[in-house]
Amino acid sequence: MEGGAMRGMFTAGVCDVLLENGITFDGAIGVSAGATFGCNFKSRQIGRAIRYNKRFAHDWRYCSLRSLLLTGDLYGADFCYNVLPTKLDIFDYETYRSNPLKFYVVASDCRTGEPVYKELATCDEKDLTWMRASASMPLVSHIVKIDGYELLDGGMTDSIPLKAFENMGYQKNLVVLTQPRDFVKEPSSALKLMKFSLRKYPKLYEAMLHRHEVYNQEKAYTFEQEAAGKCFVICPQEPLGISRTENNPDELQRVYDLGRLTMQENLTKLMEFLK
């Protein structure tokens, strides 16, 4: 599951249709928003991602410049990974832990500039810290320190981790992208800011310099695997046209509904592929 901040509402719609039709998998891997929203697939909580995103779209504690100024994180760490799942929209930890599906996230190692893949077996406090690391966008997030690592957003080093997942042994995969098939990533417009922000982490900055090249290569590989019958790709037909920090509930619902519709239209083909 690719990231993309609020483009992840598309993925949430896809996942809910899969759950409604009893389709599950041996494993799942999410990057950034693909991790924070995709975890609801393992906990089997249909509708949770769109529900809480609409409910807290205007809550400064969830995502705001105020949160960035007061906490150092655009998406408030304590609110998103503690208050929300334990008090406001309860995450089903019991179902998550009993579901045999293995759930992985991708984060970026600031010191090596390489991706790190982590299985989250229980979604306990430590696992949630890894999930937060996967979604900690550069420039607007604290570096997350855990298990001897210093981590930021997984999309900086491996936005579409199909090859990594195949190397783990998962050979027949559904890939959910949040950009259309003809999308070509360009160099980041924030590289000058990145150079200053990541001045202590030159290898991660180097990875960001080449991120667009890696992304385009990964996307090409994904479609090669699709043509070979080794994966099934779900993606929007056109750009989703949603801000990364969208707080309009109607826009969130629109993109979620588009994910649902796209999955529903491809459901028969996917089931044939899975057979």
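Assigning unit charges at the beta carbon (Lys, Arg +1; Asp, Glu -1) and nothing else, what dipole magnitude in debye, to the nearest 20, does the chain show about its Cα centre?
Using Cβ point charges on Lys, Arg, Asp and Glu, the chain gives about 400 debye.
Considering only Cα-Cα distances, which of the following residue pairs are longer than 22 Å: Lys54/Lys163; Lys219/Lys275; Lys145/Lys200? Walk me through the numbers before you get to the answer.
Working: Lys54/Lys163 34 Å; Lys219/Lys275 25 Å; Lys145/Lys200 15 Å.
Violating the 22 Å Cα-Cα cut-off are Lys54/Lys163; Lys219/Lys275.
Label Leu261 and Ala227 with points 7 Å out from Cα along Cα→Cβ: what is the distance between them in nm?
Result for the modelled spin labels: 2.9 nm.
Carbon-plus-sulfur fraction of the accessible area of region 121-228, 1.4 Å probe, in percent?
That share works out to 53 percent.
I want to check the label-to-label distance for Asn21 and Arg66. Put each point 7 Å from Cα in the C-beta direction and report it in nm to one decimal.
4.2 nm
Computed from these coordinates, which is Cα extents along the principal axes in Å: (1) 59, 44, 37; (2) 56, 49, 33; (3) 49, 41, 35?
Of the labelled values, this structure produces (3).
Could you check the spin-label model distance between Glu206 and Asn82? Points 7 Å from the Cα along Cα→Cβ, value in nm.
Computed distance between label sites Glu206 and Asn82 equals 3.7 nm.
Any chance you could tell me what percent of the C-alpha pair distances in region 207-275 go past 18 Å?
In whole percent, the share of Cα-Cα pairs in region 207-275 beyond 18 Å is 57.
Using a 1.4 angstrom probe with every protein chain in place, what is the largest-first accessible-area order of His212, His142, His58? Walk me through the intermediate numbers first.
Numbers: His212 30, His142 95, His58 135 Å².
I get His58, His142, His212, largest accessible area first.
Give me the accessible area per residue for region 205-245, probe 1.4 Å, as a whole number in Å².
Per-residue accessible area for region 205-245 comes out at 52 Å².
Work out from phi, with θ = phi - 60° and the Karplus expression 6.51 cos²θ - 1.76 cosθ + 1.60, the ³J(HN,Hα) of each residue of region 132-138, listed in order in whole Hz, and give x for Gly and Pro.
For region 132-138, the Karplus-derived couplings read 4, 4, 4, 10, 7, 5, x Hz, x marking Gly and Pro.
Distance from a point 7 Å along Cα→Cβ of Lys126 to each backbone N in region 142-173: keep the residues under 16 Å and list them by number.
Under cut-off, by backbone N: 145-150.
Tell me which aspartates and glutamates have Cα within less than 18 Å of Lys203's Cα, excluding those fewer than 8 residues away on the same chain?
Qualifying aspartates and glutamates at Cα under 18 Å: Asp109, Glu114, Glu150, Asp153, Asp158, Glu213.
Is there a quick way to get the dipole size of region 148-275? I mean about its Cα centre, with the Cβ of Lys and Arg at +1 and of Asp and Glu at -1; what is the value in debye to the nearest 20? Don't jump to the answer; show the numbers that get you there.
Working: 17 positive and 18 negative charges, 82 e Å.
The dipole of region 148-275 has a size of about 400 debye.
I'd like to check one number: the per residue accessible area of region 62-191, probe 1.4 Å, reported in Å² as a whole number.
Roughly 45 Å² per residue, with all protein chains present.
Measure off, as a whole percent, the carbon and sulfur share of the 1.4 Å-probe accessible area of region 1-89, all protein chains present.
54 percent
Where the centre of each part is set by its Cα atoms, how far does region 1-60 sit from region 93-168, in angstrom?
Taking the Cα centre of region 93-168 as reference, the centre of region 1-60 is 16 Å away.
Could you list which residues have their amide H under 5 Å from that of Cys63, counting only those 5 or more apart in sequence or on another chain, with H placed in the peptide plane?
Counting only residues 5 or more places away or on other chains, the set is Gly76.
If I stretch the segment between Lys195 and Phe183 completely, what's the gain in nm (0.36 nm per residue apart, minus their alpha carbon distance), one decimal? Don't jump to the answer; show the numbers that get you there.
Details: separation 12, 0.36 × 12 = 4.32 nm, distance 2.55 nm.
Here the segment from Lys195 to Phe183 would lengthen by 1.8 nm.
The values are calculated or read from the model by the stated rules, or taken from the named source; none is laboratory data. Just so we're clear, the structure is a prediction, and the values are computed from it rather than from any experiment. Positions of Cβ are generated from backbone atoms using ideal geometry, with glycine treated the same way; all protein chains shown enter the neighbour counts. To get the accessible areas, we keep the full protein, side chains included, count just its heavy atoms, and leave off ligands, DNA and RNA. Shrake-Rupley method; radii C 1.70, N 1.55, O 1.52, S 1.80 Å.
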